[in-house]
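A quick write-up on the structure given underneath.
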Amino acid sequence: MVCLGNICRSPMAHGILRHKAIEHGYNITIESSGTGSWHVGEAPDRRMMAKGKEHGVDISDLRAQQFVAADFDRFDRIYVMDRSNYRDVMGMAQTGEDENKVKMILNELHPEADMPVPDPYYGGDEGFEQVYQLLDKACDVIINQLDEQG
Ligand code: 4NP
């Protein structure tokens with residue numbers, strides 16, 4: 001799960017998918033990162049942590065890290081939150097196989113629409129609720145795909 005700062009959207013996506021994976025008994029590696037380095041080492045934004053907690057998803061253990069090219073070798077899928085993340089991550093891909101791993105996460109809900117998960121950082125509480133709801137629905141689709149893969 002990749003966003004810009006790795007303190008709002010991608011840690012929430014990471015926490016939600018981790019929560020659902022545990023519920024479904026999947027032992028899969030899930031991480032999140034930011035394309036930028038400003039917040040490396042920091043816990044998630046307090047407002048995002050509180051929103052997760054409100055919905056029963058604890059992300060207080062997560063610490064921001066920066067996306068690196070080696071991540072292409074460590075993961076089968078790389079979900080980005082918006083077009084700018086998509087450009088930045090695709091710019092680090094070295095092979096077509098790498099490129100094929102990169103997906104806009106809301107395309108799982110609305111295929112090929114390239115809708116962004118809006119950055120809630122400079123807005124009010126409703127932005128954080130909206131991010132939570134969008135990511136929750138997208139992660140349901142991802143988990144259902146894993147269920148179907150068997
Ligand atoms: P995120 O939100 O990409 O969802 O973690 C942001 C948080 C901080 C900044 C940008 C985006 N920032 O520029 O500090």
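The values are calculated or read from the model by the stated rules, or taken from the named source; none is laboratory data. Not measured: the values here are computed from a predicted model. Note: ideal-geometry Cβ built from the backbone for every residue, glycine included; neighbour counts use all protein chains shown. We work out accessible area using only protein heavy atoms, side chains counted, and drop any ligands, DNA or RNA first. Shrake-Rupley method; radii C 1.70, N 1.55, O 1.52, S 1.80 Å.
Among Pro120, Pro44, Pro111, the largest mean-square fluctuation in a Gaussian network model of the chain (Cα springs under 10 Å) belongs to Pro111. Estimated at the nearest 10 Å², the accessible area of Asp45 is 20 Å² with a 1.4 Å probe.
One decimal place: the segment Tyr26-His110 gains 27.8 nm when fully extended, by the rule 0.36 nm per residue minus the C-alpha distance. Using only the Cα atoms of the chain, build the gyration tensor, take square roots of its eigenvalues as a ≥ b ≥ c, and label the shape rounded, prolate or oblate: rounded if a/c is under 1.5, else prolate if a/b is larger than b/c, else oblate. Rounded, since a/c falls under 1.5.
Compared with the alpha-carbon gap, the fully stretched path from Thr95 to Lys137 is longer by 12.1 nm at 0.36 nm per residue. Stretched out straight at 0.36 nm per residue, the stretch from Glu54 to Trp38 would grow longer than its current Cα-Cα span by 3.1 nm. For the range 56-110 and the range 1-50, what is the separation of their Cα centres, given in Å? Each part reduced to its Cα centre gives a spacing of 11 Å. Take the Cβ-Cβ distance between Tyr121 and Asp61 as r, set R0 to 22 Å, and report the resulting FRET efficiency rounded to the nearest 0.05. FRET efficiency, Tyr121 to Asp61: 0.60. Taken one residue at a time, the phi angles of the range 49-60 give Karplus couplings (6.51, -1.76, 1.60, θ = phi - 60°) of 4, 5, 5, x, 4, 4, 9, x, 10, 8, 10, 5 Hz. Gly and Pro are set to x.
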